[in-house]
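J.: Here it is: the structure, laid out below.
The values are calculated or read from the model by the stated rules, or taken from the named source; none is laboratory data. This one's a predicted model, so the numbers in the text were calculated from it and none came from an experiment. For neighbour counting, all protein chains shown are included, and Cβ atoms are generated from backbone atoms with ideal geometry for every residue, glycine included.
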Amino acid sequence: MPETILLPVDLSSSASWEKALPRARALAEDGVLHVITVIPNFGASMVGNFFGEGWMERALHEVGEKLTQWVNAHVPRGQEVHPHVMHGRIYDEIIRAAERLDVDTIVLGAPPADVADYLLGPNAARVVRHSRKSVFVVRG
C-alpha cells in the first residue's frame with residue numbers, strides 16, 4: 001500500500017535525517033515523500049526588524065534552493081518527492097504540514113539523547129505528543 005510520508009530535516013544537522021531518510025524512503029517506496037525544513041521564528045517581531053525589508057522572502061528562497069539541492073543529492077530520481085520550506089515554530093510547522101498534506105506518517109530523526117533532552121529533543125517530543133498523525137521516531 002503506497003504511503004504518504006513527511007520527513008522533517010534540519011539542513012545544518014545530518015543527525016536529523018541520516019538514519020531517518022532510509023526509513024522514510026522505505027515507507028514511501030511506491031508513495032509520496034514530502035521533505036520539510038523550517039526556518040525558526042525569532043520570537044519577538046522586533047528582532048526581525050534588524051534584518052531589513054524582504055529578509056524573510058530572501059531566506060525562504062535561499063533555503064528552498066538548498067533544500068532542492070539536498071533532495072537531488074539524497075533522494076533517488078524514481079521516488080516522488082516534494083520539498084517544502086516553512087517559517088515558524090518548528091514543531092507547529094511540522095504538525096501543520098502533516099495535516100495540510102494529509103500524510104500517513106511523520107518520520108522523525110531524533111539525535112542521541114543527552115542530559116539536556118533525555119529521550120527526545122523538545123521539537124520531536126512536541127510533534128510526538130501533539131500530532132494527530134502517526135509518528136515514527138528513528139533514533140540516531
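J.: Please name all residue pairs, on different chains or six or more residues apart, with Cβ atoms under 8 Å, provided the first residue is in the range 117-140 and is under 16 Å from residue 99 (Cα atoms) and the second residue is modelled with pLDDT of 90 or more and surrounded by fewer than 15 Cβ atoms within 10 Å (Cβ to Cβ).
T.: Filtered contacts from the range 117-140: 132/99; 133/99.
J.: I've got another one for you. Pairs needed: first member in the range 83-108, under 13 Å from residue 8 (Cα atoms); second member anywhere, of a type in the set (Gly, Ala, Ser) and surrounded by 21 or more Cβ atoms within 10 Å (Cβ to Cβ); C-beta distance under 7 Å; at least 6 residues apart or different chains.
T.: Pairs found: 106/98; 107/20; 107/24; 108/20; 108/124.
J.: Right, another one. Any chance the range 21-38 includes a residue that's polar (S, T, N, Q) and at pLDDT below 95?
T.: So far as the range 21-38 goes, no, none of its residues is polar (S, T, N, Q) and at pLDDT below 95.
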